[in-house]
Amino acid sequence: MTYSLVMKNNKYKILVVPSDRTGVSKFRSVDPHLNLQKMYPDEFWVDIDYNPKLEDDEFLKQYDLIHYHRSLGPDFARSSRAIERLKKLGIPSIMDLDDYWLPTVDHPAHAIVKQNKLDELIKNSVKEAQNVTTTTTVFADEISKLNKNVFVLPNAINPREKQFQINKPKSELVRIGWLGGSSHLKDLEILNGVSNVLNTTHKDKFQFVLCGYDLRGSVTEINPQTNEQKQRPIKPHESVWYMYEKIFTDNYNIVGGDYKKFLERFEKGEYDGEENLPYRRVWTKPITTYASNYNYFDISLAPLKEHIFNKVKSQLKVIEAGFHKKALIAQNFGPYKIDCVNAFESGGSINSKGNSILVDTSKNHKDWYRSIKRLIENPSLIEDLGEKLYETVSPLYHIDVVTKNRAEIYRELIRKS
């Protein structure tokens, strides 16, 4: 599939090769380049092609620069040959990478990555790339050990999208939410016990909201003797979302009997009065509307287990929470230390410049509860932190700002070619 915007003469012609048709492509390939064309219509023309003719010199020579995510197509060997071809033709290319090459052993993709040696393939792809873009300075420092030509182009938000419009219904409850994907069990296990204690001390004053609930997918079983892989549909009670839900409901102890029965039927649909209950399940939405889920809560949680894979992740949760003006409680680690300033100083006094609450890993056992408790008891602080986080992220991560920086990088690379 190929789609392009209207071509004019004397433009820089950019070929973009996304790695998929879902989340990472939206933020790292498609939206950034469509906005590049929109902002600079007289200077840049963009093709987005999922299956380009990488062995065709005449096809490649149409372009002044080629951008791809992780590898130039799904085949790493073919990608390597294509990159060498581009070097010989004098066409600059950029590899984008937003995740560390080797997930930790508790990540659901670890076994498959190791079995197929994807981590080594990705590292080799980084080494042979002409240039690399990534999401944060933290990851850029790590990538620079393999390739010195690395640029930071962070994930960006287009506030003109409907899903980033603030439309929060009022509630007497303080709503505490988490929105993410299926690889965060060990991160969310940090919150074990929090819902139980809150239900004891602040019953009927809060609601946990779990967004993105999804029972689709399959289980990959690997035979340890033969390494044969087999897939089967996942069962609801095997889903990581079921485990997430047990964390937020204290193993369903904070929900009533009828609502528990409803939840355990795993049926999509709404439960009458669920907006006033201590827990709410929100089913997954498409990548084009998922961020509207932020309207379901007041406080956004971002727990993160400390290891290299998480350390170099994007700070997208901070950026999204900020554009939605949410109070954020985040791990004092890795990507969340880039923009977050702790509102609470040592000893508990308030830092007037603080835009969030940061929790040290050594204090996970008490400070997640304490931080939520403090916000429940001080609702004006929720609004204040949301405004300050917005003031922090909106000038930095607006898609137009990041696109301007992208255009400057592309001009320089093309000029040097």
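Here are some notes:
- Computed on the stretch 157-295, with alpha-carbon pairs under 8 angstrom and 6+ residues apart, the relative contact order is 36 percent.
- Spin-label model distance (nm) - residue 128 vs residue 285, 7 Å beyond Cα toward Cβ: 4.1
- Length added when fully stretched, residue 183-residue 377, from 0.36 nm per residue minus Cα-Cα: 66.6 nm
- Cross-link reach is defined here as a Cα-Cα straight distance under 25 Å, omitting same-chain residues fewer than 8 places apart; for residue 203 the lysines meeting it are 168, 170, 246, 260, 261, 326, 363, 366, 373.
- 23 Å Cα-Cα reach of residue 38 towards lysines, excluding residues that sit fewer than 8 places from it in its own chain: 8, 11, 13, 26, 162, 404
- Our compactness index for the stretch 217-316, the C-alpha radius of gyration over the empirical 2.2 N^0.38 Å, is 1.36.
- Residues whose placed amide H lies under 5 Å from that of residue 206, excluding near-sequence neighbours: 174
- Sorted by Cβ neighbour density within 10 Å, fewest at the top, the residues 56, 64: 56, 64
- Inter-probe distance in nm under a simple model that places probes 7 Å from Cα toward Cβ, at residue 231 and residue 201: 4.5
- The stretch 162-396: radius of gyration over Cα atoms, expressed as a fraction of 2.2 N^0.38 Å: 1.03
- Cα-based convex hull volume of the stretch 282-415 per residue, rounded to whole Å³: 146
- The stretch 162-396: relative contact order in percent, alpha carbon pairs under 8 Å with at least 6 residues between: 23
- Candidate aspartates and glutamates - alpha carbon under 14 Å from residue 305, same-chain residues fewer than 8 apart omitted: 106, 187, 189, 360
- Rounded to the nearest 500, the 222 nm mean residue ellipticity of the chain from helices alone is -10000 deg cm²/dmol, with -39,500 (n - 2.57) taken per DSSP H run of at least 4 residues.
- Distance from the C-alpha centroid of the stretch 224-272 to that of the stretch 42-88: 42 Å, rounded to the whole angstrom.
- Over the stretch 108-191, Cα pairs under 8 Å with separation of 6+ residues give a relative contact order of 20 percent.
- Between residue 343 and 355, 356, 357, 358, the built amide H atoms are under 5 Å apart, and every one of these is 5 or more places off in sequence or on another chain.
- Using only Cα coordinates, the Kirkwood hydrodynamic radius of the stretch 144-190 works out to 15.7 Å.
All of the numbers you see were taken from the coordinates with simple rules; none came from a lab. Treat the numbers as computed from the prediction; the structure is a model and nothing was measured. Cβ: placed from backbone, ideal geometry, glycine included. Neighbour counts: every protein chain shown.
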